[in-house]
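Worksheet: the structure to be examined is printed underneath.
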């Protein structure tokens, strides 16, 4: 089991990932991550900004192919 600090462009800032022995992410420790459903509260907030806000957020975080609110670090 390991601990890995990674940059999250959505926050922006650092979050911590707990990695198991097989290299899979077991848990994301982030103030905006909802463990119950795997969604990012920061992304949910951006959705309320309308289509332009969503597009700008996806451009900033380099996730143009993703239209969901799930955490891309999980």
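The values are calculated or read from the model by the stated rules, or taken from the named source; none is laboratory data. The structure displayed is predicted, hence computed values, not measured ones. Quick reminder, even Gly has a Cβ in these numbers, built from the backbone with ideal geometry, and neighbours come from all protein chains shown.
Okay, here's what the table says:
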quantity: Cross-chain or 6+ apart pairs with Cβ under 7 Å, region 34-45 first and within 14 Å of residue 15 (Cβ to Cβ), then outside any helix (DSSP H, G or I) and at pLDDT 90 or above; calculated: 40/32; 40/33; 41/32; 41/34; 42/32
quantity: Counted residues, region 1-18 - those being more than 14 Å from residue 32 (Cβ to Cβ) and in contact with a helix residue (DSSP H, G or I) (Cβ under 6 Å, 6 or more places away or on another chain); calculated: 0
quantity: Matching residues in region 18-40 - criterion: being touching a strand residue (DSSP E or B) at 6+ places or on another chain (Cβ under 6 Å) and either farther than 10 Å from residue 71 by Cβ or assigned to a helix (DSSP H, G or I) (or both); calculated: 18, 19, 20, 26, 27, 29
quantity: Residue list for region 17-36, filter: exposed (fewer than 14 other Cβ atoms within 10 Å of the Cβ) and within 11 Å of the chain's Cα centre (by Cα); calculated: 29, 31
